[in-house]
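Remarks on the structure that follows.
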Amino acid sequence: MGIVYYEDNRELREGISFLIQATPGLSLLGAFGNCQYLPDEIRSLRPEVVLMDIDLPGISGIDAVPMVKAISATTQVLMLTVFDDEDKIFRAIRNGASGYLLKHTSPAELVAAIFDLYRGGSPMTASIARKVLQHFQQPKAVPSDDYRLSSRELDIVKGLVAGYSYKLIADDLCISIDTVRSHIRSIYDKLQVNSKTEAVLKAMREGLV
């Protein structure tokens, strides 16, 4: 199984690189301190699994996840980070990460998580899994009237939550992509957000869908 690792802490990067190289069944294809050349690296190395830190210089690990998935949809991304706040957890998952571990994870647990991920699992540090469960166990909020989203805008938000592209949303609603973009701008303005991820998370938290 080929692994590519992104981590700006050299000591940690070298330590985990050694762990991967010493583990039968795992092959370290590359270890990098930033995601500056990620598209070229993923295209040329074609890893089965990417280990991804979040706090990287330049492009953050969260923003790098959809870049990986766009190039190689079958490549699985495992976040390995110190951050355990809900915003980063759900942004990473929404962007396509299949697992989320904190850096205090033991070497044995990390290796087990990599194999679990490759076999179709979604490994998470216990405290992270608890946050995810608690998020979905919360009573659904009553939608706020303050946002004043139209029925068409709500349909588009539902499409975003489902992970549809603008083209798929346009095809599903029988409207043009330009019309979708126009509605998206209005949705961002009404929800007071600046990105698709923020819009999706806010819609879920506010019970809009």
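The values are calculated or read from the model by the stated rules, or taken from the named source; none is laboratory data. Just so we're clear, the structure is a prediction, and the values are computed from it rather than from any experiment. For neighbour counting, all protein chains shown are included, and Cβ atoms are generated from backbone atoms with ideal geometry for every residue, glycine included. The area values use the complete protein model at the heavy-atom level, side chains included, leaving out ligands, DNA and RNA. Shrake-Rupley method; radii C 1.70, N 1.55, O 1.52, S 1.80 Å.
Quick check: Cα centre of the stretch 156-185 to Cα centre of the stretch 1-42, how many Å?
Answer, in whole Å: 37.
How long is the gain from Arg119 to Leu19 if the chain were fully straight, where each residue apart is worth 0.36 nm and the alpha carbon distance is subtracted?
Details: separation 100, 0.36 × 100 = 36.00 nm, distance 1.96 nm.
Length gained, Arg119 through Leu19: 34.0 nm.
Give me a comma-separated list of calculated 3J(HN,Hα) values for the stretch 97-105, in order, Karplus coefficients 6.51, -1.76, 1.60 applied at θ = phi - 60°, integers in Hz, x for any Gly or Pro.
5, 9, x, 8, 10, 8, 5, 7, 4
From the square roots a ≥ b ≥ c of the eigenvalues of the alpha-carbon gyration tensor of the stretch 2-137, which class results: rounded (a/c under 1.5), prolate (a/b over b/c), or oblate? If you can, show how the numbers build up before the last one.
Working: a/c = 1.44, a/b = 1.22, b/c = 1.18.
Taking the square roots of the gyration eigenvalues as a ≥ b ≥ c, the stretch 2-137 is rounded.
Got the relative contact order for the stretch 2-137 handy, in percent, Cα pairs under 8 Å and 6 or more residues apart?
20 percent
For Lys202, go through the lysines and keep the ones whose alpha-carbon is under 23 Å away, minus same-chain ones fewer than eight residues off.
Filter leaves Lys88, Lys131, Lys140, Lys158, Lys167, Lys190.
Between rounded, prolate and oblate, where does the stretch 1-58 land on the alpha carbon gyration tensor, with a ≥ b ≥ c its root eigenvalues, rounded for a/c under 1.5, else prolate if a/b exceeds b/c? Write out the running numbers ahead of the final one.
Working: a/c = 2.45, a/b = 1.17, b/c = 2.08.
Oblate, because a/c is 1.5 or more while a/b does not exceed b/c.
If packing is taken as the mean number of other Cβ atoms within 10 Å per residue, what is the order of 31-37, 112-118, highest first?
Values: 31-37: 16.1, 112-118: 19.1.
Ranked from most to least packed, the peptides come out as 112-118, 31-37.
If you take the square roots of the eigenvalues of the alpha-carbon gyration tensor of the stretch 151-206 and sort them as a ≥ b ≥ c, do you get rounded (a/c under 1.5), prolate (a/b over b/c) or oblate?
Numbers: a/c = 1.92, a/b = 1.49, b/c = 1.29.
Because a/c hits 1.5 or more and a/b exceeds b/c, the stretch 151-206 counts as prolate.
Using a 1.4 Å probe, how large is the accessible area of Glu153, given in Å² and rounded to the nearest 10?
For Glu153, the solvent-accessible surface is approximately 10 Å².
For the chain, what is the mean residue ellipticity at 222 nm derived from helices alone (per DSSP H run of n ≥ 4: -39500 (n - 2.57); sum divided by total residues; nearest 500 deg cm²/dmol)?
About -15500 deg cm²/dmol.
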